[in-house]
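Working notes, beginning with the structure itself.
Values in this text are rule-based calculations from the coordinates and carry no lab data. Since we're looking at a predicted model, the values are computed, not measured. Ideal geometry is used to build each Cβ from the backbone, glycine not excepted, and the neighbour counts take in all protein chains shown.
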Amino acid sequence: MAGQVQNKNDKRKTLARQSAVVRFAGDSGDGMQLAGTQFTDTSAIVGNDIATLPDYPAEIRAPAGTVAGVSGFQINFASEDIYTPGDKVDSLIAMNPAALKAHLPEVKHEGIVVVNETEFNKTNLKKAGYPADYNPLDDDDFLDNYQVYAVPITRLNQESLKETGMGAKDIGRCKNMFALGIIYWLYDRPLETTIKYITSYFTDKKGKPEVAEANIKSLKSGYYFGETAEMFTERYQINRADITPGLYRKVVGNEATAMGLVTASRLSKRDLVYCSYPITPASTVLHALAGMRHYGVKTFQAEDEIAAVCAAIGVSYAGGMGVTGTSGPGLALKSEAIGLAVMTELPLVIVNVQRGGPSTGLPTKTEQSDLLQALWGRNGDCPVAIIAPKSPADCFDTAIEASRIAMEHMIPVIILTDGYIANGSEPWPIPKADDLEPINIQSLPPIDEENKFEPYKRLDEKLARPWASPGNKGYEHRIGGLEKEYDTGNVSYDPDNHQKMTRVRQEKIERIADVVPPLEPHGDMSGDLLVLGWGGTFGAIHTAVERARGKGLSVSSAHLRYLNPMPSNLGDVIKRYKRVLVPELNTGQLRLLVRSKYLVDARGLNKVQGKPFLVEEIEQAIDLMLVDGFGDHEYLMPRNHKVRGDRHAYDFESNEGRAK
Amino acid sequence: MSQALPVLKAKDFASDQDVRWCPGCGDYAILNQVKKTLAKIGAQKESTVFVAGIGCSSRFPYYMGTYGVHSIHGRAPAIATGVKITNPELDVWVVTGDGDALSIGGNHLMHVLRRNVNLKILLFNNRIYGLTKGQYSPTSEIGKRSPSSPMGSIDPPLTPISIALAAEASFVARAVDVDKGLGEVLERAAAHEGSAFVEIYQDCNVFNHGEYSHATDKDTKEDNVLRLVDGEPLLFGKDKDKGIVFTDAKPEVVTVGKGGITLSDIAVHDESDATLAYALGRLRHPDFPEPMGVFRSVQGNRYEEQLLKQVTDAQESRGVGSLDDLFNTGDVYTIEEKNGTHQLHD
């Protein structure tokens, strides 16, 4: 038995590493997301810090074997704190030529490339778009620059399962486990977590023990292959990270958002009704909540985006916790209704999982380009509160915070998450329910014969109006989209009243700043450069600034969780630094706000490629910012991760920036 | 119940706001009839909600002393759905118009009906856009001259009854604003368990006056209106001697006692027959009398009850989940002090 050949006689070295980046890539039907997820779970459980980046095509099954159909999953796992899925790949597993073609550019020089040799035939090479008569596996350039391991995964997997009596197609479905087994061996990971998962999924849930058995066999065969075949000269060990002891689980961003909403519902004692229309990449919030009926959660799959937000408004009016979720195009459709929620001063939480735009844009790719839409994308002066999570686990806290603001201040709140953190995962320290702060909703003012109920009378310094829902006798009232009279809430066309109410709606937002914690820069309290960011770019910015500081540079970072209102000390913080850099996955939306509000000459590093920042890209921008004599340009993100200081012209032939 | 609910009169349902529809508008008659109906069925102000969209009809909630939302154009069914699924105990009414329900809000009307959310939907059909000063609407006849169709409208009109039936509405009815039948239809709608769709022929006194005179003029209306009674023959006319027969599914107006026609030849109304309801919905003046009353009434599952049932069923089978249960779902693991071991929990 292969398994009995133990490491005792194995002369191969096991090298310790602080971190490693592994990427699984294959056809979208090859099960790469599952392999990646399993590798992630196992790594979390052995105590590594982890960060992941799934990358899949918009088409569920793009033509097999083509570059368009390649699905990838990247994981960074480490014995130190990490904040991003990693810039460059240490080990790539390419299940076919297209996967190799799509992902090789991001593999480190001399990095490990495991290819499924069986699939490198003429047909597949052609589908991948390689030149006729070219096979990378015969290319000395390729073989010299990477540690290439050509493993006939498909064939070996077939061999190992041939006695199961399963059909070729079913056997083929197990090959992701074979590949995973190889990588488990390479990084010295235990198989238990995945075996447990396979058993619980196929045997317990699907009632197919034979499929479970085959998958486990493939997994073990891959592992034993790594062990037995004298192919790999080294294996790697990434020790557990220095994580605060306690209970943990891995969470994916959208799952954390869903849990945060349920938590807020319990903390406020208001029933959660989540109203949504399916849209990538927000749908998994709906899926997660639809499976939580036993927590008292109702979900409503509406007929369209407008119905979803309107139903959520109806929920809030009726005294429930009304939440709607969507992505950019859906937010656009919800604009008018969000205005109604602003006018009626009802609590409403809108989860916007941003994706590449405009229009349908890049549905499965990430971007941060809805900030200005969230802030201003409505008719009239129509302010809402906006907050953004910084990482997958932070989606939990952000969802609670958004719900708290919505219900305590009686206003709509938009959560700006994005595809990157929505689908990414990281370890989550499990909180105790009792430690969470309740959400305090103001009780209704007393009424009697002399004191009739006034629906727009302010309850407190937050300027919140009473949340009187149907069923409360004596509090009957009418609300709507027409301008309301201060106090009575009756329809009013009075000019002074409109001015006053416009001011009230704005003031309600501004007064949230009283409860927003002051911005605390990471690094020094003043210096040469502040790198200011928001949302999912937190990890890359933080890591880049850490590295720059390690080099002795006077650089600090600051992260904005609250986008509207911003922390009241933001202006003071900004002024303490000579220069300000705002990296964003858009063409400069926060930068525009910061410039206009604080009259600061903030510069942008702007990437709109559907991908998160690499740490090195921000490092390069930091270096450029610190060079004397920088001009009046922005930092353009061209290809090949080279940041250039050329803003105003773009060479469409070379895809590079060009100084004017 | 420890205390008997107060008995309210129609006027108790009025709000303190002045009613601002144009003098002579059909909406006044409907408002009065709705208030009377609420009093009659023993409705309570605090548990009644009126949700409206935009348009003349949609000002309705402001004039009711109940809870109410005057929302945005076309979206009342969606907002009302949110209200009802949150608190199924409430009596929720939707007030809408032909533009609001069939043009900008057509999608929501279709879906609220197919879901059978227990809402009462009153569509005031005046076949014109009144609030925006007289443009043709989705129910205006072809050739309608209006500010936006000076040479006549070229849009074929929709039949609200057909739309509702196609959307699988469990209750479909029609009435005329000033006709005695309105009160009966509203009562039936209120009593129906499920979505109740009521088209109300409503006269726009300013931009489309007289649109329904055939159904309101004392002298002619009985000849132009077919009053539907479940299980009764489809008879109409002052002397109830005219009736509808279907020959090869084609309707025809006949007179009992003429041409060998007897009462047994006349088609009999059946509220459970969707095909008959659809055929009746297509009878139009002047070729046919226009049916009034309940076209269709069948029982089905209410959406909000089904949703609530899923919650209680899940809680029964899986137990009411606590937050700590939620947090500890999935692969939970312990990080021990450094150099300790890790442990996977079940």
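First check a/c for the stretch A:339-489, with a ≥ b ≥ c the square roots of the eigenvalues of its C-alpha gyration tensor; if it is under 1.5, answer rounded, and if not, answer prolate when a/b is larger than b/c or oblate otherwise. It comes out oblate by the Cα gyration axes.
Computed over the stretch B:10-211, the Cα gyration tensor eigenvalues convert (square root of 5λ each) into semi-axes of 26, 19, 15 Å, ordered from largest to smallest. Taking the inverse of the mean reciprocal distance over all distinct Cα pairs, the Kirkwood hydrodynamic radius of the stretch B:1-105 comes to 14.2 Å.
As a proxy for reagent exposure, ranking A:Asp496, B:Asp27, B:Asp324, A:Asp41 by other Cβ atoms within 10 Å from fewest up yields A:Asp496, B:Asp324, A:Asp41, B:Asp27.
Put the Cα centre of the stretch B:264-343 next to the Cα centre of the stretch A:456-475 and the gap is 31 Å. Look at the stretch B:308-314: the mean tally of other chain Cβ atoms within 10 Å of its residues' Cβ atoms is 4. How many angstrom lie between the C-alpha centres of the stretch A:559-630 and the stretch A:338-397? A separation of 20 Å, based on Cα centres. Computed with the Debye formula from one identical point scatterer per Cα of the stretch A:201-303, without solvent, the log10 of I(q)/I(0) at q = 0.14, 0.25 Å⁻¹ comes to -0.88, -1.19. Shape descriptor for chain B: Rg over Rh equals 1.11 (Cα atoms; Rh from the Kirkwood inverse mean 1/r).
All C-alpha pair distances within the stretch A:36-97, sorted into 5 Å bins from zero, spread as 4, 17, 23, 22, 15, 11, 7, 2 percent across the bins. Placing +1 on the Cβ of every Lys and Arg and -1 on the Cβ of every Asp and Glu, with nothing else charged, gives chain B a dipole about its Cα centre of roughly 1100 debye.
A simple rule links phi to the HN-Hα coupling: the Karplus curve 6.51 cos²θ - 1.76 cosθ + 1.60 with θ = phi - 60°, which for the stretch B:118-124 gives 6, 10, 9, 10, 9, 9, 7 Hz, with x for Gly and Pro. Per residue, the average separation of C-alpha pairs within less than 8 Å and at least 6 apart gives the stretch B:112-214 a relative contact order of 35 percent. The protection proxy used here, the mean number of other Cβ atoms lying within 10 Å of each residue, ranks peptides A:538-546, A:498-506 as follows, highest first: A:538-546, A:498-506. The trypsin sites (Lys or Arg not before Pro) found in the stretch B:1-53 that occupy coil by DSSP, while having at most 16 further C-beta atoms within 10 Å, are B:Lys9, B:Arg20. Bridgeable aspartates and glutamates around A:Lys508 (alpha carbons under 20 Å apart, same-chain partners fewer than 8 residues away excluded): A:Glu336, A:Glu345, A:Asp381, A:Glu401, A:Glu408, A:Glu454, A:Asp460, A:Glu461, A:Glu483, A:Glu485, A:Asp487, A:Asp496.
Can you give me the Rg/Rh ratio for the stretch B:97-149, using Cα atoms for both radii and the Kirkwood formula for Rh? When Rh is taken as the Kirkwood radius, the ratio is 1.06.
For the stretch A:111-195, the average shadow cast by the Cα convex hull is 6.9 nm², which is a quarter of the hull's surface. Other residues lying with their Cβ under 14 Å from the Cβ of B:Phe13 contribute a combined charge of +2, Lys and Arg counting +1, Asp and Glu -1. What pairs from B:Lys35/B:Lys180; A:Lys269/A:Lys334; A:Lys611/A:Lys642 go past 19 Å between their alpha carbons? From the list (B:Lys35/B:Lys180; A:Lys269/A:Lys334; A:Lys611/A:Lys642), the Cα-Cα distance tops 19 Å for A:Lys269/A:Lys334. Between the stretch A:138-161 and the stretch B:219-236, how many Å separate their Cα centres? Result: 83 Å between the Cα centres. Peptide A:463-470 shows a mean partner chain C-beta count of 3 within 10 Å per residue C-beta. Put in line by how crowded their Cβ is, counting other Cβ atoms within 10 Å and starting with the fewest, B:Glu199, A:Glu230, B:Glu187 read A:Glu230, B:Glu187, B:Glu199. Spin-label model, A:Asp434 to B:Asp155: label points 7 Å out along the Cα-to-beta-carbon direction sit 6.3 nm apart.
Counted by Cβ distance under 14 Å from A:Glu507, the other residues give a net charge of +2, where Lys and Arg count +1 and Asp and Glu count -1. Mean projected area of the Cα convex hull of the stretch A:290-333, taken over all directions, amounts to 3.3 nm².
What's the magnitude of the charge dipole for the protein assembly as shown around its Cα centre, counting Lys and Arg as +1 and Asp and Glu as -1 at the beta-carbon? Answer in Debye, nearest 20.
Result for the protein assembly as shown is approximately 340 debye, rounded to the nearest 20.
Taken residue by residue and averaged, Cβ atoms of other chains lying within 10 Å of the Cβ of A:303-309 number 6.
Taking chain A as the reference, fit the longest principal axis to its C-alpha atoms, fit the long axis of helix A:209-228 to the helix C-alpha atoms, and give the angle between the two in degrees, 0 to 90, nearest 10. The angle comes out at about 60 degrees. When every alpha-carbon pair in the protein assembly as shown is counted, what percent end up more than 43 Å apart? Here the long-distance tail beyond 43 Å is 46 percent of all Cα pairs in the protein assembly as shown. The stretch A:13-235 has equivalent-ellipsoid semi-axes of 24, 22, 17 Å, by the square roots of 5 times the alpha carbon gyration tensor eigenvalues, sorted largest first.
With all pairs of separate Cα atoms included, the stretch A:263-403 yields a Kirkwood hydrodynamic radius of 15.1 Å. The alpha-carbon of A:Lys551 sits under 18 angstrom from the alpha-carbon of none of the lysines, leaving out residues fewer than 8 places away in its chain.
For a straight C-alpha distance cut-off of 25 angstrom, the lysines reachable from B:Lys144 (same-chain residues fewer than eight places away being disregarded) are B:Lys133, B:Lys221. Restricting the chymotrypsin sites (Phe, Trp or Tyr not before Pro) of the stretch A:441-502 to loop positions (DSSP other than H, G, I, E, B) with no more than 14 neighbouring Cβ atoms within 10 Å leaves A:Tyr493.
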